[in-house]
1. Specify which of the listed residues (222, 142, 196, 155) is of a type outside the set (Val, Ile, Thr), open to solvent by less than 20 Å² (accessible area, probe 1.4 Å) and in contact with a Leu (Cβ under 7 Å, 6 or more places away or on another chain).
2. Mind listing just one residue for me: the one in segment 319-340 that is in a loop (DSSP other than H, G, I, E, B) and touching a Leu at 6+ places or on another chain (Cβ under 9 Å) and, of those, most open to solvent (accessible area, probe 1.4 Å)?
3. Counting only residues that are surrounded by fewer than 19 Cβ atoms within 10 Å (Cβ to Cβ) and more than 16 Å from the chain's Cα centre (by Cα), how many does segment 232-254 have?
4. Out of everything in segment 93-102 that is free of Cβ contacts under 8 Å to residues at least 60 places away in the same chain and either of a type in the set (A, V, I, L, M) or part of a loop (DSSP other than H, G, I, E, B) (or both), what residue ends up being nearest to residue 322 (Cα to Cα)?
5. Within segment 3-23, does at least one residue satisfy the condition of being touching a strand residue (DSSP E or B) at 6+ places or on another chain (Cβ under 6 Å) and more than 21 Å from residue 326 (Cα to Cα)?
6. Condition test on residue 89, is it at pLDDT 95 or above and under 20 Å from residue 242 (Cβ atoms)?
7. Given the options 85, 92, name the one that is farther than 19 Å from residue 33 by Cα and touching a His at 6+ places or on another chain (Cβ under 8 Å).
Amino acid sequence: MKKIGFLSFGHWAPSPQSKTRSAGDALLQSIDLAVAAEELGADGAYFRVHHFARQLASPFPLLAAVGAKTKTIETGTAVIDMRYENPLYMAEDAGAADLIAGGRLQLGISRGSPEQVIDGWRYFGYQPQDGSSDADMGRGHAEVFLEALKGEGFAQPNPRPMFPNPPGLLRLEPYSEGLRERIWWGAGSNATAIWAAKLGMNLQSSTLKDDETGEPFHVQQAAQIRAYREAWKAAGHTRTPRVSVSRSIFALVDDRDRAYFGGDARSQDQIGYIDANTRAIFGRSYAGEPDVLVKQLAADEAIAAADTLLLTVPNQLGVDYNAHAIESILKFVAPELGWR
């Protein structure tokens, strides 16, 4: 059995070809798709965060709205770029969103990827310390965030407060019990996956990672997952961690599917650079008749190793089509692979 959710980047464009023409459309349709996915039996509604772009950005209002409109589906991110975040304010937002959702928040965070502008985090008021990188800064923010989620007091109370304080040092409020164990790290390399395991975070592995061995993407990703689990065990954590992978998968069951994605049937892994020095491998898309998809996906080592699969959705095709695409996987593919 696997948990199966969707992952939306929340693109919007003011063009006649797009069914998502404004930021308002992207937000409201994201809520509607989460409701529809829950009704179909999907397990998760996840959203990507990009700044300075016509895409979803501030996640917590959206997560709170989805949490209020749904009852069972997990709500989450994949991922929040921690270089842009005030970790203490974020801990308050996350606690509130999780309480609204009744403890269903699954929050994916990361050091971030190349963005739309140069050093965009500087506009948010953040700058790496001398001798450290923006990646170091992002991981540092993550560590402060994780510490805040423990719910332990750390702030000296005012001796003459406006309202009475409980005894001792004060913690951030609202505090949501158990949220610390539902934080995921989006790892782009084996080393950062191992780092995440040591800190007790779940693992999110996307459709790209550093090309560390030259092997096919799914083989490298499966090796990353093994390294993560070995590091988790070595760290002595007592709970079982969760691991997700994301994929673009489209079952071609009607003419719309074939028109939109028939050309992806011959998709292959691709090599590129996410910055001047980092060679990355980008995983292929899957598109085909359900019986073909079953055979192809059965050979994907990373999907087999993960407990959670996130289906990336083309949100600009509209809520109805994306609900259909999710349903096709749940109905025609997942049962044949033993995922349902």
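The values are calculated or read from the model by the stated rules, or taken from the named source; none is laboratory data. Small disclaimer: the values here were computed from a predicted structure and weren't measured. Please note: Cβ atoms are built from the backbone with ideal geometry, for glycine as well, and neighbour counts cover all protein chains shown. Just so you know, the surface numbers come from the protein's heavy atoms only, side chains and all, with ligands and any DNA or RNA stripped out. Shrake-Rupley method; radii C 1.70, N 1.55, O 1.52, S 1.80 Å.
1. 196
2. If we filter segment 319-340 for residues that are in a loop (DSSP other than H, G, I, E, B), which is where we start, we get 334, 338-340.
Still in the list and also touching a Leu at 6+ places or on another chain (Cβ under 9 Å): 334, 339-340.
Numbers: 334: 0, 339: 18, 340: 86 Å².
In this case the residue turns out to be 340.
3. Total satisfying the criteria: 10.
4. For segment 93-102, the residue satisfying everything is 101.
5. no
6. On the way: at pLDDT 95 or above: yes; under 20 Å from residue 242 (Cβ atoms): no.
No: the conditions fail for residue 89.
7. Details: 92 fails: touching a His at 6+ places or on another chain (Cβ under 8 Å).
Among 85, 92, only 85 is farther than 19 Å from residue 33 by Cα and touching a His at 6+ places or on another chain (Cβ under 8 Å).
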